[in-house]
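As structure tokens, the structure follows; a few thoughts come after it.
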Amino acid sequence: MGLANRIASKLAAVVCVAFPNLLKKGKKYRMTGNPIRPEIATGSVKEGYKLTGFKKGLPVLLVWGGSQGAAEINDMILGDFESFTREFQIVHITGKGKSTSKKSPNYVHFEYLGDELKHVYAITNLVIGRAGANSLYELAYLKKPNIIIPLGNADQINNAEYFEEKGASVIYKKGDRLFDLAHNLWQNSALQEIIKKSLNQISGKVANEELVKIILGL
């Protein structure tokens, strides 16, 4: 928990946390999970293919690194570009000011996606991303098999460890080849189903409902 949240928690009547190891002693602490945007699940497959120019066939891999961590992930994708684009159709959110000249019929990149992201999710089979709480709980809500590359800060490491412990994510570790992780996950349909079931168990939908109950009860 960051400094601002630690200070605010002292003044709060109820403190809701997204991960169990953030719980502290006292009745005011509640484990609720993280709220999500329900509209993220309202994307259109037709719009997703229109936006990307992709076609049904190869699996769609969504890759993003967030505002702070895009460069490292970008380098791993672009450094193994031929392998990735041979096996996947890739939607790559590179981050602001991080465009690329790489081209392939199986590759499209955007510096940022706003409301369009829901349409991309509608056609996405696998996700590679960071371990921010909001993003992880959206993956849980959508039940998207995923590979997580946490930033080196305590919050993201904690988030990633929780999802790994629950069987809800594959975690990239230093020395891994990112393409191999993606290839192996896509080839392992049984593991994908395990991840989907685990994600469903920690789905953000429950957090939304629980938070409303808590707020109305104050």
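Structure above, values below:
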read-out: With Cα atoms, 0 to 90° folded angle of helix 66-79 axis to the chain main axis; value: 30 degrees
read-out: Cleavage-rule hits, trypsin sites (Lys or Arg not before Pro), the range 48-89, DSSP coil, Cβ neighbours within 10 Å at most 12; value: K55, K56
read-out: Lysines whose Cα lies under 20 Å from that of K213, excluding same-chain neighbours fewer than 8 positions away; value: K27, K28, K205
read-out: Percentage relative contact order, the chain, counting C-alpha pairs under 8 Å, at least six apart; value: 22 percent
read-out: Cα gyration tensor, the range 1-76 - rounded (a/c under 1.5), prolate or oblate; value: prolate
read-out: Tilt relative to the chain, helix 178-187 - C-alpha long axis, 0 to 90 degrees, to 10; value: 90 degrees
read-out: Measure of compaction for the range 38-133 (Cα Rg per 2.2 N^0.38 Å); value: 1.01
read-out: Neighbourhood net charge (13 Å Cβ-Cβ; Lys/Arg +1, Asp/Glu -1) for E161; value: -1
read-out: For L139, L113, L3, L51, order by how many other beta-carbon atoms lie within 10 Å, fewest first; value: L3, L113, L51, L139
read-out: Candidates G65, G53, G129, ranked by Gaussian network fluctuation over the chain, Cα under 10 Å, top entry; value: G53
read-out: Between the range 20-64 and the range 101-146, the Cα center-to-center distance that results, in Å; value: 8 Å
read-out: Rounded to 5, the percent of DSSP beta bridges in the range 38-206 classed as antiparallel; value: 5 percent
read-out: Sorted peptide list for 21-28, 160-167, criterion being average Cβ within 10 angstrom, highest first; value: 160-167, 21-28
read-out: For the chain: rounded, prolate or oblate by the Cα gyration tensor [a/c cutoff 1.5]; value: prolate
read-out: Members of K96/K166; K46/K197; K24/K98; K50/K143 lying beyond 29 Å, as alpha-carbon distances in this model show; value: K96/K166; K24/K98
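Read the figures in this text as sums done on the coordinates, not as results from a lab. Everything numeric here is computed off the predicted structure, so don't read it as measured data. All Cβ positions, even for glycine, are placed from backbone atoms using ideal geometry, and neighbour counts span all protein chains on display.
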